[in-house]
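**Student:** Quick one: the structure is below, questions incoming.
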Amino acid sequence: MQPLKRVAALVKEARIRVHKAIALAASLGLAAIGILWAHGVDESPSGDEVVTDPAVPDKTNETLLPKSLDPAARKPAAAVLDQMKMWGVGQHVTICFVDPAPAVMRQRIARAASGWAKWANLVFDFGPSPDDPQMCEAGKTYDITIGFKGSGASSYVGTDSRHQDPSMILGNMDDPQSRVAQDDKEFNRIVLHEFGHAIGLDHEHQSPEAHCSDQIDWPAAETYYKVHMGWSAQEVHDNLETLPVMLRPAKEALKISGFDKTSIMQYSLPADIFKDGRQAPCFTTKNYDLSPTDKKWVAGLYPERAEGQVAVKKAVLTSVDKVFKDGGVPDDERKAAIAKIAETFNLELKQENTAGRDVNATTIQKLEQNSSGANSQNIGTINGNVTFGAPPR
């Protein structure tokens, strides 16, 4: 066999072994149940480049939706509500490690995560010692808890993290000898991506502004991910199809538009799955750092003054109210649902019904209290549409 052909044969054989190992791990329950996301496509995927949805999906949003909401509107409504899961402006988000790991590895994770803190009015609190980021202690509560058991990486979104243990998985990143630990760029990329979720950001490639679904050759995509990841056709569509989110209230409030293929929240997508190969707008190689839009996003969600975040929440609540109206929810049920949402996201509503009218309400938003003592904000809901007053001085 000629040398080049021999090399190609060895590479193919190695890839087959990796793919079989991934499929076996999944069949044994070693991978979390849920949607898998491929981080790397410029090389054959490995365990360090695979991220899974959390094993127990968060269902909070589904319980907040009115029963009478049109089925077609339920997924968009839940997706809009995801944008409410922000931490408070200036909040100290407490973070600990569930599983043991060398101090040097915990330091690397804390240092990589701090990339977000440069642009957000938010504090990642890893404990009193920068040289020894804290382990979780029994009986204490933390906002984000990090574990290493399991394949790949995953994180709950924003404040959902509070009720999960662990809330974030960083598989193999406790081992200084692991492949990912030997690659600083890859290590930082994965940590930044997962902490992006932990502070409330979603994926970019399934944005309605990306139109990736229109560009994908679906039979080719199903074949590619079956070979490389062991995915079923359904998993391929779950991973790649554009999400049915007609409203992007947070982006609108922050005056951010367009598809950002350079975002750290964007997965690399191979040329093989697109009709136009590398010419497809959604073809993306790995992104290793925050993009300018990522920085603008997080600065808008966590600005210097709390009222900036209020504007985002206003946009989200107004959009939710519109989805409920358009989805055929009767007024009384819609008002009750809005009140429940307000309670869930630390909004206190006082509603008064008047004959022949929609709801008139005075609302007070209780932002997360932080070390600087952030002020509360005045918010109102008039005639069923959410409006926000000026914050107290």
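The values are calculated or read from the model by the stated rules, or taken from the named source; none is laboratory data. Keep in mind it's a predicted model, so treat the numbers as computed, not measured. Note that we place each Cβ from the backbone using ideal geometry, even for glycine, and neighbour counts take in every protein chain shown.
**Student:** Can you report the number of residues in the stretch 293-312 which are of a type in the set (S, T, Y) and touching a Phe, Trp or Tyr at 6+ places or on another chain (Cβ under 9 Å)?
**Tutor:** 1
**Student:** Which count do you get for residues in the stretch 130-166 that are more than 18 Å from R111 (Cα to Cα), free of Cβ contacts under 8 Å to residues at least 40 places away in the same chain and surrounded by 22 or more Cβ atoms within 10 Å (Cβ to Cβ)?
**Tutor:** The total comes to 1.
**Student:** Sticking with this structure for a sec: Which numbered condition in (1) of a type in the set (G, A, S); (2) in contact with a Phe, Trp or Tyr (Cβ under 8 Å, 6 or more places away or on another chain); (3) modelled with pLDDT under 90 is the only one that G230 fails?
**Tutor:** Status for G230: all satisfied but (2).
**Student:** Can you tell me which condition V236 does not meet? The list is (1) in contact (Cβ under 8 Å) with a residue 24 or more places away in the chain; (2) over 21 Å from A77 (Cβ atoms); (3) among the β-branched types (V, I, T), and all the others hold.
**Tutor:** Just one mismatch for V236, condition (1).
**Student:** In addition: If you take the residues of the stretch 202-261 that are over 23 Å from K296 (Cβ atoms) and of a type in the set (D, E, K, R), which of them is surrounded by the most Cβ atoms within 10 Å (Cβ to Cβ)?
**Tutor:** That would be E222.
**Student:** Can you name every residue in the stretch 90-108 that is over 20 Å from D165 (Cα atoms), polar (S, T, N, Q) and within 21 Å of the chain's Cα centre (by Cα)?
**Tutor:** Q91
**Student:** Something else now. Report yes if P330 is modelled with pLDDT of 85 or more and within 28 Å of H193 (Cβ to Cβ), otherwise no. Break it down stepwise before answering.
**Tutor:** Numbers: modelled with pLDDT of 85 or more: yes; within 28 Å of H193 (Cβ to Cβ): no.
So P330 does not fit the description; no.
**Student:** Still on this model: Since R305 meets every condition but one in (1) more than 19 Å from the chain's Cα centre (by Cα); (2) surrounded by 18 or more Cβ atoms within 10 Å (Cβ to Cβ), which condition does it not meet?
**Tutor:** For R305, the exception is condition (2).
**Student:** What single numbered condition from (1) modelled with pLDDT under 90; (2) within 27 Å of T318 (Cβ to Cβ); (3) within 18 Å of the chain's Cα centre (by Cα); (4) not hydroxyl-bearing (S, T, Y) fails to hold for W87?
**Tutor:** Tallying (1) modelled with pLDDT under 90; (2) within 27 Å of T318 (Cβ to Cβ); (3) within 18 Å of the chain's Cα centre (by Cα); (4) not hydroxyl-bearing (S, T, Y), W87 fails exactly one: (1).
**Student:** Right, something else. For the stretch 307-323, indicate whether the set of residues that are closer than 13 Å to K67 by Cα and either among the small types (G, A, S) or part of a helix (DSSP H, G or I) (or both) is non-empty.
**Tutor:** So far as the stretch 307-323 goes, no, none of its residues is closer than 13 Å to K67 by Cα and either among the small types (G, A, S) or part of a helix (DSSP H, G or I) (or both).
**Student:** Quick check: is even one residue across the stretch 225-236 of a type in the set (A, V, I, L, M, F, W, C) and touching a Ser or Thr at 6+ places or on another chain (Cβ under 6 Å)?
**Tutor:** No: the stretch 225-236 contains no residue that is of a type in the set (A, V, I, L, M, F, W, C) and touching a Ser or Thr at 6+ places or on another chain (Cβ under 6 Å).
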